[in-house]
Amino acid sequence: MFIGRKYELKIIEQAIVSKRAELGIVYGRRRIGKSTLLKQAAPKKNTLYFEALQGVSLKKQIEHFTYQLSKQTGTPIILARNWHEAFDALTLHIKKKRCYIVFDEFPWMAAGRSELVALFKYYWDNHWKQNPNLTAVICGSVASFILNHIVHSKALHNRKTFEIRLQPLLADESKLFFKNLRSEHEISKFLIVFGGIPKYLEQIDPHTSFENNIDQLCFQKNGFFINEFETIFKEQFKVIKTYEKIARELAKKKCSKEELSKKLNLGSGGGLTEYLKTLEKADFVKIFTPVSPLTRQDLKTKANVLWDEWLRFYFRYMEPNKKIIAMNTKPGLFNQLAGKSLDTFLGLSFEQLCMKNLPALLDSIGCDIHQIINFGPFFRQRGRGKNKEEGLQIDILLHRKGQILTLFECKYSTKPVGTTAISEVERKIRFLKAPRNFTVERVLITGSGITPGLQRSDYFHHILGIEDLFKSSH
């Protein structure tokens, strides 16, 4: 079942029927649904889909390409000795007729080297783009290769006509996987653990509970997620131990580069910066600069956040218990290992669910996206020396046109939120030090409702619930 991606589908479908040659690039992390999207967009006729093999020799890669060409065109297999001969064979089939071609996992096809990109450019310039009915799409998961050698490539500069970086599904689309069989509150737990990753959501059995699904998928020896870390993480990076250490540390809490350097005993220079940038390119880490209308001095410290939900869950609950999980065949291990700590884990991760579904929240408070100057978390480290200030963190802060700051307080607890939230938010506003001519709007997002006392206080401009995360923002 194909769910969502209407915007992305429209881009590809428009390219397919356009009256010029189109070259697209579609990329994103593993399991995000790139191949499924490209197959969904494919016309019933005149489609050539080439899927690369992982970890094979150049010779095997070319053999597999020509085999797929033969099978899809009904012609004899060409014994190509190199990519020149393979692309010559392809050119014979796409000279004039309308054709949609996909090069899936192109980084594997290129064996991680840029030579094939240069050759692709040559064939595009001298053969393929002359066909106004041709749509070609390069697709890949290995973020560093795609970004460095294709998206930002001089070879393909001014040649691509569309680019799609595929993101996780938003909550309103993710909800469709559950077929109205689970409540929005329970679905939010699934999204806090798995994010809006289609392949992960497909594994969930909506007929049974969150706890049962987690137990079966993550805590029994043949569960889908037992080897997932190796699948999505280790194949991306050559210096695996360093990347793993960084991700493991960020799973505990967001950190500045300087904090990471001290905790991991790594230099805070260019090396660590490059590691973090590579993790960010792979969509595993997000690097935030604090949102502020204040002076640039307040924006120096950047926070590095583990942005992949499942990795955070893996490092918290699965990795420390790998040996036990590898032997387990019985239900109940998840509850036994997690216990009461799960509520704390869900609460700390709720902020990220809200951030990723910000468009739906903006709709709920009547804020048009065009009003936003900047958004993200606001944070300030505890000061040092004589004039040290307290540390400060605001879950989400919007800087809006009209000199308005909108502060979001995200609370995911088992009990209704009471009036103590007022003093917490007031403290944050006090230390935020907004300019006098700015209005500060206060928004509470809660997963457990509010007390009558907080309702009577009329303190918050808007009080939102879990259901607001699931509103369509399209």
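Each value in this text was obtained by applying a stated rule to the coordinates, not by laboratory testing. All of these numbers come straight from a predicted model, not from anything done at the bench. Glycine gets a Cβ as well: all are built from the backbone with ideal geometry, and neighbour counts include every protein chain shown.
Which links in LYS59/LYS154; LYS160/LYS356; LYS19/LYS71 stretch past 32 Å when you go from one Cα to the other? Pairs exceeding the cut-off: none. Take each peptide in 19-32, 134-147, count the other Cβ atoms within 10 Å of every residue, and average; sorted highest first, the result is 134-147, 19-32. Over all pairs of different C-alpha atoms in region 170-351, the reciprocal of the mean inverse distance, the Kirkwood hydrodynamic radius, equals 17.8 Å.
Against the chain, whose longest principal axis comes from its Cα atoms, helix 270-281 is set at around 80 degrees. Between region 213-251 and region 70-141, what's the alpha-carbon centroid distance in Å? Their Cα centres are 34 Å away from one another. Can you give me the C-alpha center-to-center distance between region 1-48 and region 424-440, rounded to a whole angstrom? Cα centres, region 1-48 to region 424-440: 46 Å. Summary of packing: across the peptides 38-51, 448-461, 171-184, the per-residue average of other C-beta atoms within 10 Å ranks them, highest first, as 171-184, 38-51, 448-461.
Only one residue of ILE197, ASN437, PHE219 has its Cα farthest out toward the positive end of the dipole of the chain, where Lys and Arg carry +1 and Asp and Glu -1 on Cβ, and that residue is ASN437.
The angle separating the long axis of helix 115-126 from the principal Cα axis of greatest extent in the chain is about 60 degrees. In terms of distances greater than 19 angstrom between alpha carbons, the cross-link table entries LYS221/LYS241; LYS199/LYS253; LYS60/LYS121; LYS175/LYS471; LYS234/LYS281; LYS45/LYS95 yield LYS221/LYS241; LYS199/LYS253; LYS60/LYS121.
Sorting the Cα pairs of region 6-165 by distance into bins of 5 Å, from 0 upward, gives 2, 9, 19, 24, 23, 16, 6, 1, 0 percent per bin.
Here the relative contact order of region 6-165, from alpha carbon pairs under 8 Å that lie six or more residues apart, stands at 39 percent.
Round to the nearest 10 and give me the degree value, 0 to 90, for the angle of helix 341-356's Cα axis relative to the longest principal axis of the chain. Tilt of helix 341-356: around 60 degrees.
By the rule of a C-alpha distance below 16 Å, with chain neighbours fewer than 8 residues away ignored, the aspartates and glutamates paired with LYS96 are GLU22, ASP88, ASP125. Can you give the helix-only mean residue ellipticity at 222 nm for the chain, where every DSSP H stretch with n ≥ 4 adds -39500 (n - 2.57) and the sum goes over all residues, rounded to the nearest 500 deg cm²/dmol? That calculation yields -11500 deg cm²/dmol at 222 nm. Pairs of Cα atoms nearer than 8 Å and 6+ residues apart set the relative contact order; for the chain it is 13 percent. In sequence order, region 232-244 has phi-based couplings of 8, 9, 5, 6, 7, 10, 7, 8, 4, 5, 5, 4, 5 Hz under the Karplus curve 6.51 cos²θ - 1.76 cosθ + 1.60, θ = phi - 60°, and Gly or Pro positions carry x.
Would you mind getting me the FRET efficiency between SER57 and GLU280? Use the beta-carbon distance for r and R0 = 22 Å, nearest 0.05. Calculated value: 0.10. Total lysine pairs in region 357-469 at Cα distances under 26 Å, for residues eight or more apart or on different chains: 9. The length gained by stretching the chain between LEU79 and GLN393 to full extension, at 0.36 nm per residue less their Cα-Cα distance, is 106.9 nm. Computed on the Cα atoms alone, the convex hull of the chain gives a volume of 181 cubic angstrom per residue.
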